[in-house]
Amino acid sequence: MIVAADLQGIVQAIRARNGHGVHADDVEREAIEAAFRDRRAERHPFFLTGEEMNRVFRWKLRGQHERMAPQRARNTEAIYRLISRAVFQVVGPDLEYESVVRLGLLTALTGVGVSIASAVLALAEPQKYCIVDRRGWRAVFGKERESFTPLDYWAYREAIAQLGVELGWTLQETDREIRQLDRPWH
């Protein structure tokens, strides 16, 4: 977990980075979040289609999207709808339990790991979830990591929430900024 000295260094780095402006990544993220809000208002119970899930995959994976596309192609439209419907029907009894179960359900989809699953959750419910990936993990914990378990996600989410409290930011704002710390801008 983050110690006080580490927290101060991360906070200083985030504050120093402010001013880099809005990037295309942020614009697409906001567009996906808005589309998911619209779908949630229309669909009861809420679910995501294969195309909506693929939009998340393209956004999160960028140039690596095609690498796992053949595996993800095995997931049918019916499976995307069924799994995502089940995911969003899981509620509580606490956020840790809910997160672990929801991530487990999403990772049952072929070609979807915890990083991608966390992106689905964060885009659908940004007030509750963040995105765990190697960049964010390295920025927060100072360690290399390529794959994650649902419990790793929870440790990361708790660290992001702690940083958000320190910064006076929402979970989503903190999530976005911490992952940007480790991204080269050209």
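The values are calculated or read from the model by the stated rules, or taken from the named source; none is laboratory data. Note that this is a predicted model, so its numbers are computed, not measured. Cβ: placed from backbone, ideal geometry, glycine included. Neighbour counts: every protein chain shown.
Say whether the condition of being within 21 Å of residue 58 (Cα to Cα) and either touching a helix residue (DSSP H, G or I) at 6+ places or on another chain (Cβ under 9 Å) or without any contact (Cβ under 8 Å) to a residue 12 or more places away in the chain (or both) is met by at least one residue in region 139-146.
The initial filter retains those residues of region 139-146 that are within 21 Å of residue 58 (Cα to Cα), namely 146.
Of the ones still in play, those that are also either touching a helix residue (DSSP H, G or I) at 6+ places or on another chain (Cβ under 9 Å) or without any contact (Cβ under 8 Å) to a residue 12 or more places away in the chain (or both) are 146.
Looking for residues that are within 21 Å of residue 58 (Cα to Cα) and either touching a helix residue (DSSP H, G or I) at 6+ places or on another chain (Cβ under 9 Å) or without any contact (Cβ under 8 Å) to a residue 12 or more places away in the chain (or both), one finds at least one in region 139-146, hence yes.
Of everything in region 131-156 that's touching a Gly at 6+ places or on another chain (Cβ under 8 Å) and not polar (S, T, N, Q), which residue is surrounded by the fewest Cβ atoms within 10 Å (Cβ to Cβ)?
If we take residues in region 131-156 being touching a Gly at 6+ places or on another chain (Cβ under 8 Å) and not polar (S, T, N, Q), then 150 is surrounded by the fewest Cβ atoms within 10 Å (Cβ to Cβ).
Tell me, please, whether a residue that is at pLDDT 95 or above and either aliphatic (A, V, I, L, M) or crowded, with 22+ Cβ neighbours inside 10 Å (or both) can be found in region 161-174.
yes
Just one of 78, 119, 35 is over 17 Å from the mean Cα position of the chain (by Cα) and among the hydrophobic types (A, V, I, L, M, F, W, C); which is it?
On the way: 119 fails: over 17 Å from the mean Cα position of the chain (by Cα); 35 fails: over 17 Å from the mean Cα position of the chain (by Cα).
Unique residue meeting the criteria: 78.
Can residue 77 be described as acidic (Asp, Glu), surrounded by 13 or more Cβ atoms within 10 Å (Cβ to Cβ) and in contact (Cβ under 8 Å) with a residue 24 or more places away in the chain?
When the stated conditions are applied, residue 77 does not pass them.
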